[in-house]
Amino acid sequence: MFRHQGKTRTTKHNLQVASVLSFVAGIVNVAGFLAVQKLTTNVTGHFAFFVDEVFQLHFWSGFVYFFYIFFFFLGAFVSGFLVELVARKNQITTYIIPIIIEIILLLFVAIFGENLIENYANSIACILLFSMGLQNALVTKISNAVVRTTHLTGLFTDLGIELAQLFFYKQLDSRQKLFASIKLRLTIISCFFIGGIVGGVFYSKWQLKVLLIAVLALVIGLIYDFLKFKIIRINRRLHQM
């Protein structure tokens, strides 16, 4: 689901990657907000707060929100840079390094976050925003901008447009494409909500250790992708024989 790009990528691959990564984003969104009272999967709200603080001449508070925006951007930049760098050597493994970095960051916050919240709440928010920028850029790249998993505003916009188009698009091919796209949007939204519910329910018991569930989901996704690729290669060799 991660390694396929371009013409080899199918709707099924997008559904698989959307399910895993939107679930992860849902957990991070709720856990981050409950822990530091900040949005940690998107920056739309932070931009509004940044402008508001600057106009009130609260420059330090304004720069804190600027750092939130910057770290999401930085995560996206690092992800894009690594994907392009690795693709020049091995197109198949472009996704591995960004996901491993995300796993390490979420694991760090899950293990040490509770001890850092009191004095380094903003740093925790920046780490989570960086990891979500990393994830969003990666999935955008490998899905050719079809899948985005860290926020829902654009998804609900696209879903509304596509549902409206069902009243006017009568050709079978057009309707099939619309249904496939609607299914993808609903999958992302549903898994994001499920992740949010899981994050909220278990946060009351585990606090930031709930991010271990997100880490586990990413690890399982990597293992699944690796094993599936191995099976496909074995089947190809058997057919060639």
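The values are calculated or read from the model by the stated rules, or taken from the named source; none is laboratory data. This structure is a prediction, so every number in the text was calculated from the model and none was measured. As a convention, Cβ positions derive from the backbone with ideal geometry for all residues, glycine included, and neighbour counts pool all protein chains shown. Ligands, DNA and RNA are excluded from the accessible area calculation, which covers all protein heavy atoms including side chains. Shrake-Rupley method; radii C 1.70, N 1.55, O 1.52, S 1.80 Å.
A compact table of results
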| read-out | value |
| --- | --- |
| Which of 147, 30 is most accessible, then next, and so on - probe 1.4 Å | 30, 147 |
| Accessible-area value, residue 127, 1.4 Å probe, nucleic acids and ligands omitted, Å² | 40 Å² |
| Exposure ranking of 72, 67 by accessible area [1.4 Å probe, largest first] | 67, 72 |
| Surface per residue (accessible, 1.4 Å probe) for the chain, Å² | 55 Å² |
| Rounded tilt (10° steps) of 11-36 against the dominant C-alpha axis of the chain | 10 degrees |
| Degrees separating the helix 44-55 axis from the principal Cα axis of the chain, which is the longest one | 30 degrees |
| FRET efficiency, residue 236 to residue 104 (Cβ-Cβ, R0 35 Å, nearest 0.05) | 0.60 |
| Förster radius 51 Å - calculated FRET efficiency between residue 112 and residue 186, Cβ distance, rounded to 0.05 | 0.90 |
| Share of carbon and sulfur in the accessible heavy-atom surface of the stretch 1-117 [1.4 Å probe, %] | 74 percent |
| The stretch 138-192 - percent of accessible surface contributed by carbon and sulfur, probe 1.4 Å | 62 percent |
| Spacing of the two label points (7 Å from each Cα toward its C-beta) at residue 120 and residue 56, in nm | 2.8 nm |
| Over 19 Å (Cα to Cα) - which of 12/183; 141/228; 12/228; 89/228; 38/209; 12/141 fall in this group | 141/228; 89/228 |
| Accessible heavy-atom area order of 166, 39, 106, highest first, probe of 1.4 Å | 39, 166, 106 |
| C-alpha long axis of helix 153-165 to longest principal axis of the chain, angle in ° | 40 degrees |
| Centroid-to-centroid separation of the stretch 211-241 and the stretch 127-188 [C-alpha atoms, Å] | 25 Å |
| Accessible area of residue 27 in the full protein assembly, 1.4 Å probe (Å², nearest 10) | 0 Å² |
| Fraction of alpha-carbon pairs over 21 Å apart in the chain - percent | 60 percent |
